[in-house]
Amino acid sequence: MKFYHEISYRLIPCMKKSLFIMKLIIVLITTVFLQVSLATDTQKITLSEKNASLEKLFKKIRTQSGYDFFCDIDLLKSARKVSINVKEVSLEEALKYCLMNQDLTYTINNKIIVIKRNPRILREEINQQLKDLNLLIKVVDENNRPLPDATITVKRTGKSFITNEKGESTIQVEPGELLLISYVGYEPTVVKASGRKPGAPLIIMLSIRSSQLKEIGIVSTGYQDLPKERATGSFQVITAKQLEHSTDQNLLKRLEGITTGLDFNNKNFTSPTNSSRVKISPLASLTIRGKNNLQALPSSDPNQASGQPLVVIDGIASPYSIDKINPNEVESINILQDAAAASIWGSRAANGVIVVKTKRGEYDRPVSIFFNSNVNITDKMDLFYNKYMSTSDYVDAQVAQLNYNYSQNPVTVSDPDISMPQPFLTPVAEIWNSWKRDKIALNEYNSQLDKLRNNDLRNDLTKYFLRKSILQSYALGIAGGTGKYAYRLSGGFDKNRNNTIHSDANRINVNYNASVKPTKNLEFQAIIGYSQQNRNEQDGGNTINGAITGEGMYPYTRLVDDQENPAVVSRTYRPAFINLLAETYGNKILDMTWKPLEDINQSYLKYKSQLINMNLNVSYKFSPVFSGTITYNNAWGQDESTELRGQNSYFMRSMINRFTDPFTFERAIPLGGFYIPNIGKSNNQTLRGQLNANKTWADKHVLTVIGGVDVSQNYNNFRDSWFYGYNEKTLTVNNGLPFGVYKNTLFIDPNTGFPDDLIPYSSGFGDFKIRSFSLYSNAAYTYDRRYTFSASIRNDISSTFGQGTNKHGASYFSLGGSWAINNEKFYHMDWLPNLQLRATFGYNGNVNTTVSPVPLIRYTNTSFVGNRLPYASTNNGANRLLRPEKAAMMNLALNFGIKNNRLSGSIEYYIRKTTDLISTTSLDPSTGFSLLPYNAADLRGTGIDITLNSLNLKTRSFSWESTLLFSNNQVKVTKLFSDKANTVEQVLYSFISFNEGAGLSRLYAFRWAGLDPETGDPMGYIDGNPVRITGDIDVYNAIATAPLSTAHYFGSSVPVYFGSLRNTFNYKNFSVSANILYKLGYYFRRSVTNLVRYSALFNDNVMLGSEYNQRWQKPGDEKSTNVPSLIFPVTGPGGQTEIRDLFYQYADVNVLKADHIRLQEINLSYTFKEKNWVIKNPRIYANISNLGILWRANKQGIDPDISDYPQPKTYSLGLSASF
């Protein structure tokens, strides 16, 4: 990992791949769509052939008519040769001549001609069958995929058979016998044994059980697919059908409320005021079965993903961000939660694994076209959600401070001097200053203040800045396949108008996958995907972020005048000084006024993220038992951001003026914009070779073994530069500036007092590379469908490990077993037909990429200060003996199902012990470093996950189903070798916040002793005795540095119990569902926006919470309020006022119960089930999400699951269909 810093005056050329991508997409679309004929129904048929095969004739008919054929290839091969000579006949006549004297007939449905055996001939053949049949049965799912280990039971005798890996089994029965076909997670079906053509199987298609959250038959680890009944580990399988409950663009957010063990920690997200600015992926703060690292906050840097779950996409670990996946392309998601399920991924699996499988084409499937579209409308943000002090109180507070300061020092602000700028005053201070200097009369003074009292910035922000966000999503694709070729081409487009002006986003996805079987045992698979995401936002220098206070912004600020034209708002300098500059210099300088609603149009910040992913797979079956696969994945990514602060922006006008010589009026910074391009590139490659063995014998023994090698490399680099004088029309810059040379400024810097300064400049680049090598193996054995044993082992070597670990690698293993009690001969509980026990134990790890085992050097070529020579530096020391973090997990589970699926589900209990967690620890300064990363802590987490599915009511046309999800998790620190939190202040607002034996996410507070009845000062305890917090630093330090035992301990700051309850009602073609989420057993500290902080009010002009009106003002108020009194003087940062505020902010009276229950969403859909329509199963659906809280434990109406404003309601309407 390297960092460089350099100066460059030239634009950095960006390699563009758009032309190549467009050509690739056009070729793929053309290739697939050539398979779809577009002939009209009126086309006539002409045939002239002698002794031609039916296959040849059907190809000619297809070419002339545009109709496709669907039939068993064996029927065509066994059919008689045909001689035919017809001209300009109808399609029906041509088919009649072709099938004359054949044992075949046909049907036509939606331009598909289905060729099948003549029913009369079939009946005759059945009558000819022998008494006993050797019947080949093939069991498949709704997508025609084989279901291995399905059970075929002869109802009369009770004899059972098991299907092989192809879903097939040959049985001997009498004609007419009833056969029960069953498979875990699917509706059982009964069929009658009947004769078939030799070698032709009886295909039985099973449907998934009606309840959406029933266990699905196949689970995937990313390395292999397993029957659910043979999996010993803890898996959650989410199907594409279940993901339809939400229309969220982000795939991960669709998992909220339909999975156990997953906590999304929504409070960690940034402000939702501008929806495109929520850049932290949900993955960053998502935990599976509890937090498992020592990081204080989630990281948005993809190169520092420590503590995050591993995402596997189509069998490849983290080829690209999961946020780039279009949810419409997902076939299923498997969540691996315990060691037996996840340890096959070794050093990256300790935080859980999310396996995403995308949709693919199917063999022997007719061409189908599918379409899905929806529109989402989200309400405006409610800026009035947070209850603030009134504007009038805010004005009065500022006047009170001005009067107090004047009483202590009767000085006003004089008129400005051209050489010495005056920082801007608040509008209240300007009015007060004019009155004190007798520039306005008392009545005019009061009139101007009253005018401010009637303003509320939130009204202007809501009207002129915020808007309803609108998201439009479209998905279109085509899929099909023959006996040897399968394909799927799909595309998606999302267009998002964000909830603030000048902010939007869009996403394009194109995916193509193909499978080819040139021979019986050889198969090639390819997946090619392209994704592009674009975002347009305000630039960082001229942003309006919806905040009520900030530079130039006050609660009474108006963004427009009385005629609704953009208003001038004071910023940086006093209006009098701005006017003086204009009067003195005229057109020799640029205008210095700021109109926020105009300025927002002068700049932009654009993001563009592109990805090309290629996944190639070759598999060969050496024998009925052994097979092998080779997989190669290569993902190329490029992220660009372009920030432009235009010449007419306030930022650029101010910068150009500042570096204008006051004597010659030469501009050190030329006219033009400030242009900041950033480009980052990534290339992630994985090569895997794997051998597979699958053996079934004696209808009782099933053995599955895999083993392989993984080699991967993740590479990222970035480059950025600053450019001045940018011209958007000519795309030129002027960076030939005197960087590093002090230039005269138009006026003296009020902060430094110097009349000159350096022109700001920055440029740099860096790269990151991680390589890993792994060996792995997994085996599972099942006896008589009752007992299953599994084991896995993996050894990892990585450039992120220390040298000591890489000498032998980091090894991980797991063991597991399951017992299908219901398959025992002694088991006769008909009311409980499904009962299974599972137990697993194993190890997996976590790669902590926030630290490095080798020293990192930063190079700087030129410095503008000091001796201005190149130099190298390193920030922290490195520990070559670092070991990867390691977790041991035990999981015990019970699966059950009552007859007729009235009640089914699972109960799981787990213990996870994580060792060698990395933490930065104090170091002897004589080494040259004060801190060094060590393996310094151990954790122990315990929990329970419960899933209950119930079929409450079912009639012929109506059903009511419920799903209850419940999770419990607690994590404690068991060992700590790094710095411990010994005092109250360390655990309250310090990064040293852990202790042995304590919870990992705990919440403490100062003990509150009420308000002083004479002064209204807050009171705390020293040695058990109440004391006043007057701002005396010694008193405060005595409380803050007291032992931790003196603080008030509340409990967990993250939910201890959480889950959801979903009810689904189906009536004929209608379906309605509602999902309720709950989080219980935890606490939260009130947001600072709701509190009084007098230092912030008077030093930073911050708007306080509405409790300002409840502050102590006279003796006796302490009986009805806990809000401290306002006392002058108000001191600066670190002074007495801030000490009082800090104690009150962290006092226990501001810690509340966070328990709450919310109605997350309501879904409504209607499916048209007309069989003869060209459009198959069209579905209209609607969704309302973020409906609000149903119950909360706190009495102040606060939503404990947000950081500032709640997400507004979203209304969705969509249509999906296939052709």
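The values are calculated or read from the model by the stated rules, or taken from the named source; none is laboratory data. Just so you know, these numbers come straight off a predicted model, no measurement behind them. FYI the Cβ positions are ideal-geometry reconstructions off the backbone, even for glycines, and counts take in every protein chain you see.
Things to note:
- All of SER904, SER959 fail the test of being small (Gly, Ala, Ser), at pLDDT 85 or above, surrounded by 20 or more Cβ atoms within 10 Å (Cβ to Cβ) and more than 30 Å from THR849 (Cβ to Cβ), apart from SER904.
- Residue within segment 483-493 that is at pLDDT below 90, surrounded by fewer than 16 Cβ atoms within 10 Å (Cβ to Cβ) and within 24 Å of the chain's Cα centre (by Cα) present: no
- Residue match in segment 417-434 (condition: at negative phi, within 52 Å of the chain's Cα centre (by Cα), loosely packed, with under 13 Cβ neighbours inside 10 Å and touching a residue at least 60 places away in the same chain (Cβ under 8 Å)): yes
- Among (1) outside any strand (DSSP E or B); (2) buried (at least 20 other Cβ atoms within 10 Å of the Cβ) - the single one ASN684 does not satisfy: (1)
- Among the residues of segment 1085-1117, just one is among the acidic types (Asp, Glu) and either surrounded by 21 or more Cβ atoms within 10 Å (Cβ to Cβ) or part of a loop (DSSP other than H, G, I, E, B) (or both), namely ASP1100.
- In segment 1068-1084, the residues that are surrounded by fewer than 19 Cβ atoms within 10 Å (Cβ to Cβ), modelled with pLDDT of 95 or more and out of contact with any Lys or Arg (no Cβ under 8 Å at 6 or more places or on another chain): PHE1070, SER1071, VAL1072, LEU1080, GLY1081
- Checked against (1) in contact (Cβ under 8 Å) with a residue 12 or more places away in the chain; (2) under 34 Å from the mean Cα position of the chain (by Cα), ASN823 passes all but condition (2).
- For segment 362-380, the candidate set comprises residues that are touching a Gly at 6+ places or on another chain (Cβ under 8 Å), at pLDDT 90 or above and aliphatic (A, V, I, L, M); within that set, the residue that is nearest to ARG458 (Cα to Cα) is VAL375.
- Counted residues, segment 1174-1207 - those being more than 17 Å from ASP1155 (Cβ to Cβ), among the small types (Gly, Ala, Ser) and either free of Cβ contacts under 8 Å to residues at least 24 places away in the same chain or out of contact with any helix residue (DSSP H, G or I) (no Cβ under 8 Å at 6 or more places or on another chain) (or both): 2
- The number of residues in segment 225-249 that are closer than 30 Å to ALA505 by Cβ and either modelled with pLDDT under 90 or touching a helix residue (DSSP H, G or I) at 6+ places or on another chain (Cβ under 6 Å) (or both) comes to 4.
- Being in a loop (DSSP other than H, G, I, E, B) and not assigned by TED's automatic domain parsing to the domain that holds SER306 holds for only one residue in THR752, THR782, and it is THR752.
- Residue in segment 1168-1183 that is aromatic (Phe, Trp, Tyr), surrounded by fewer than 16 Cβ atoms within 10 Å (Cβ to Cβ) and out of contact with any strand residue (DSSP E or B) (no Cβ under 7 Å at 6 or more places or on another chain) present: yes
- Candidate set from segment 1118-1143 (those that are assigned to a loop (DSSP other than H, G, I, E, B) and touching a Leu at 6+ places or on another chain (Cβ under 7 Å)); member that is farthest from GLY1016 (Cα to Cα): ASN1122
- You will find that of LEU644, LEU611, LEU616, LEU605, the residue that is in contact with a Gly (Cβ under 7 Å, 6 or more places away or on another chain) and closer than 30 Å to ILE706 by Cβ is LEU611 and no other.
- Test: residue in segment 108-120 that is of a type outside the set (Ser, Thr, Tyr), assigned to a helix (DSSP H, G or I) and modelled with pLDDT under 85: yes
- All conditions in (1) modelled with pLDDT of 95 or more; (2) among the charged types (D, E, K, R); (3) assigned to a loop (DSSP other than H, G, I, E, B) hold for LYS729, with the sole exception of (1).
- Looking only at segment 254-295, and only at residues there that are of a type in the set (D, E, K, R) and outside any loop (DSSP other than H, G, I, E, B), the one that is modelled with the lowest pLDDT: ARG277
- Yes/no for ASN511 being at pLDDT 95 or above and part of a strand (DSSP E or B): yes
- Test result for LEU746, in contact with a helix residue (DSSP H, G or I) (Cβ under 8 Å, 6 or more places away or on another chain), in a loop (DSSP other than H, G, I, E, B) and within 28 Å of ASN648 (Cβ to Cβ): yes
- Exactly one residue out of ARG497, ARG507 is closer than 21 Å to ALA635 by Cβ, charged (D, E, K, R) and touching a residue at least 24 places away in the same chain (Cβ under 8 Å), and it is ARG507.
- Single residue of THR664, THR686, THR631, THR704 found to be among the polar types (S, T, N, Q) and touching a Ser or Thr at 6+ places or on another chain (Cβ under 6 Å): THR686
- Flag for ARG719 being basic (Lys, Arg) and within 35 Å of the chain's Cα centre (by Cα): yes
Table: residues versus (1) within 30 Å of ASP1201 (Cβ to Cβ); (2) charged (D, E, K, R); (3) at pLDDT below 80.
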{"position": "VAL190", "(1), (2), (3)": "no, no, no"}
{"position": "GLY195", "(1), (2), (3)": "no, no, yes"}
{"position": "TYR223", "(1), (2), (3)": "no, no, no"}
{"position": "LEU252", "(1), (2), (3)": "yes, no, no"}
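- Test result for ARG453, touching a residue at least 12 places away in the same chain (Cβ under 8 Å) and farther than 27 Å from GLU643 by Cβ: yes
- Residues in segment 476-495 include at least one that is under 30 Å from PRO566 (Cβ atoms), outside the structural domain of ILE431 (by TED's automatic domain parsing) and in a strand (DSSP E or B).
- In segment 945-959 there is at least one residue that is under 22 Å from LEU262 (Cα atoms), among the charged types (D, E, K, R) and assigned to a strand (DSSP E or B).
- Unmet requirement for LYS695, which otherwise passes all of (1) assigned to a loop (DSSP other than H, G, I, E, B); (2) touching a residue at least 12 places away in the same chain (Cβ under 8 Å): (1)
- Being under 30 Å from ALA505 (Cβ atoms), in contact with a strand residue (DSSP E or B) (Cβ under 9 Å, 6 or more places away or on another chain) and surrounded by fewer than 18 Cβ atoms within 10 Å (Cβ to Cβ) is a property that holds for GLU640.
- Residue in segment 698-717 that is modelled with pLDDT under 95, of a type in the set (Phe, Trp, Tyr) and either in contact with a Gly (Cβ under 6 Å, 6 or more places away or on another chain) or part of a loop (DSSP other than H, G, I, E, B) (or both) present: no
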